[in-house]
Structures are given as C-alpha cells and as structure tokens.
1. Take the residues in the range 228-243 that are touching a residue at least 12 places away in the same chain (Cβ under 8 Å), under 19 Å from the mean Cα position of the chain (by Cα) and part of a loop (DSSP other than H, G, I, E, B); name whichever of them is surrounded by the fewest Cβ atoms within 10 Å (Cβ to Cβ).
2. Do we find that residue 251 is surrounded by fewer than 15 Cβ atoms within 10 Å (Cβ to Cβ), modelled with pLDDT under 90 and not in a helix (DSSP H, G or I) in this structure?
3. Looking only at residues that are surrounded by fewer than 21 Cβ atoms within 10 Å (Cβ to Cβ), farther than 30 Å from residue 94 by Cβ and in contact with a helix residue (DSSP H, G or I) (Cβ under 7 Å, 6 or more places away or on another chain) in the range 371-406, which one is modelled with the highest pLDDT?
4. Condition check: under 25 Å from the mean Cα position of the chain (by Cα), outside any helix (DSSP H, G or I) and either closer than 23 Å to residue 201 by Cα or without any contact (Cβ under 8 Å) to a residue 12 or more places away in the chain (or both). Does residue 345 satisfy that?
5. Tally the residues that are free of Cβ contacts under 8 Å to residues at least 12 places away in the same chain and assigned to a helix (DSSP H, G or I), restricting the search to the range 185-209.
6. Is there a residue being within 24 Å of the chain's Cα centre (by Cα) and under 30 Å from residue 24 (Cβ atoms) anywhere in the range 327-338?
7. Are any residues in the range 54-113 in contact (Cβ under 8 Å) with a residue 24 or more places away in the chain, under 21 Å from residue 393 (Cα atoms), part of a loop (DSSP other than H, G, I, E, B) and more than 17 Å from the chain's Cα centre (by Cα), and if so, which ones?
8. Could you please find all residues in the range 360-372 being under 19 Å from residue 315 (Cβ atoms) and in contact with a strand residue (DSSP E or B) (Cβ under 9 Å, 6 or more places away or on another chain)?
C-alpha cells in the first residue's frame, strides 16, 4: 500500500488553522489552554506556536500567573499579519473601511463617486485613501469586497446590470483586479446587509430569513440554510420588479397620468413599475405628503408621522400595507419565517412599522412571518467587511505550512 504524500504537512496545516481561529475567537491563550481546547499535546502545541511565531502570525502579548513555576506566556494573533478593505458604493457616496485580520477597524473614508466617471478609478482612489489614512502598506491588504446596488452574475462575479450605477458593467471586476493586484469581490449590497444581520444582527442564529431593503431603491436578500441564494443569473431577490396589486406593470409605464406623474415630480430617474412603485423612498415621501406630512427626507416624514399620534396612524398603516404586499408575496413562496426590514424607510419606521407590517402581512397571506428591523449599523459596509475577513483568513490560515519545511 502506498503512503499518501503530504499527510503530516496537511495535519500541521489543519492544526495551525484551528489554533489561529481559536485565538481569534477566544484569545489570548496560553500554550496549555490552546492545547486543551484543540486536543493537542503540549509538545505539539509548542511546535505549532513556534511555527506561527516564525511566520509572524502569532506573538506573545503578556503572561498569566497563578500556578506553580514561572508565568505562562499568552499568545494572540498578530493584527498586522493581514488587512482587508470593504466598500459600500452608491450613486451618491462611497463609504469604506479597512480592518486588520482580527476584525478591528483601523481606518474609514468617504469618497464622492462624482469625482470620476470610471468605477475603477473610484475604487482605486478609495482604497489608496484607506491605506494612507491607516498608515498600512497596500501589500498587506489581502482582500477587498465591494457592495453595489446591482445584479451580480454568480458564475463570473461581475456586474450584469445596475440601474443606479450604469458605469458598472461586465469587465469592471477584471479591471479592478488588474489595477489593485489582489483579491477583489463584487457583491450585491442587500446580500451583504443580510450577511451582516445573520452574523451580528436581527437574524443571528436564524437559518432561513429574507431581508427587505426599503430606501431610495428596493431590494431583497434571501438566505436559506444559512446561505445566500442568488439564483441562476444573480437576480434572486430583485423584489422591486415584483408585480403586485396597486402598482403598474412595465407596459403601463408611459401612460398619461398616474405613476408617471409621481416620478417626474421628484426630478430623478426611478423604476416606475412593480413593487418599487409602491414603497420606494420617493413614493413613500409622496404618500406622506398626501397625508399631510411634508418633510425634506422620507425619514423625517415618517418620524413626524410617528410623533403625531393618532394623526399619523392612517399614513403608517397604509405604508405598512404596501410593504406587506411584498412580504406576503415572498412568504407564500419561500415561507422564511423571518423578514428583516432595512434601509432608510425601515430604520425611520422602527419596530412600530415592523409590527404594523407583520399584522398586515398576516391578513394578506397564510404564512405569517415574524418581521423585525435590522440592528446592524451600516449593514452593507459591515457585511462587506465580514466577507473580506473570511476570505483573507482563508488565504492566510490555509497556507501556514507552505513557507516552512517538514
């Protein structure tokens, strides 16, 4: 029987990775604590830590006393062993953050995308500002994840279509990778928000849920069995196009009066059909004005209605009924059990709006979901950061033995 080559090296790599992940989640730890948690002997744990110290992935950060003999050294992951960049790109602003491999954010910047029509230049400028503000070498940035309001092809990872960002198209991903010379991932912004809420927010510990984004645009992310479902072409969750009662179909757009007039009144392009025509930010502002709540932003209009007591009930109920049409439509197909509301409209409405939507959805369809408001701040950026960290750790932790012999 032939021996399987590389088995000892593979075992060391698996042990190293397990130790690094444990140090990130539970560290700092002593050699003994690490050995007990991983099931490794003292000798093996010592050899493991020596390897990781040699590769500058762990270091001693202190000592722990209390037992017989000298104090035990405490080990932790070296934060500067890798960095990641995360970007949230919209038509009006690019917000970005850079974090070390432990997840600690060490720099944040905002960039006006209007400064350049070229998306590659916008991203390059943002990333360079990030590393300069954090005073870290660009070579240490192992992964960059970009959230955009577009349809991402799950086969290629490239943008297929973006209503809000027409300059983002097929070929942008390849150009970004060539320009930055490192791992770059583009993902739909609402999918990233769902990853953040699943990891740290309202959907933490929930395997099946849908996240509905209600703001300037309308979108949805679907997570089933703890995995984002993108669909064959990447269009899963594009709920803004959903045909619902009370909203025009694409063929209806352009007819005189009605929703066409609603959109031109706000002076900027918007989808004028489907679910978007009921719950987009402009449409919600128009609805608020019809109920007597005139404000500079949709968030302030909703806040005014919530503060108006009985006088705001009719507007909030009608808004909830509109949202519930989309919620019920998704629930009768997927029955996710939980729907998380995010975005400007959802945050302004808070738990009060979420409860109204839940009651309205119960009257529309047979599947009554729990409805809650997202709890993660800047969820798109946070989701991009979490995914970038996962990629960087995979790269760093999976290659711990490759630079050493035996």
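1. 231
2. no
3. Within the range 371-406, the match that is modelled with the highest pLDDT is 398.
4. Answer is no for this residue.
5. 0
6. Yes, the range 327-338 has at least one match.
7. 55, 56, 57, 82, 101, 102
8. 361, 371
The values are calculated or read from the model by the stated rules, or taken from the named source; none is laboratory data. Remember, predicted model here, so these are calculated numbers, not experimental data. Positions of Cβ are backbone-derived with ideal geometry, glycine not excepted, and every protein chain shown enters the neighbour counts.
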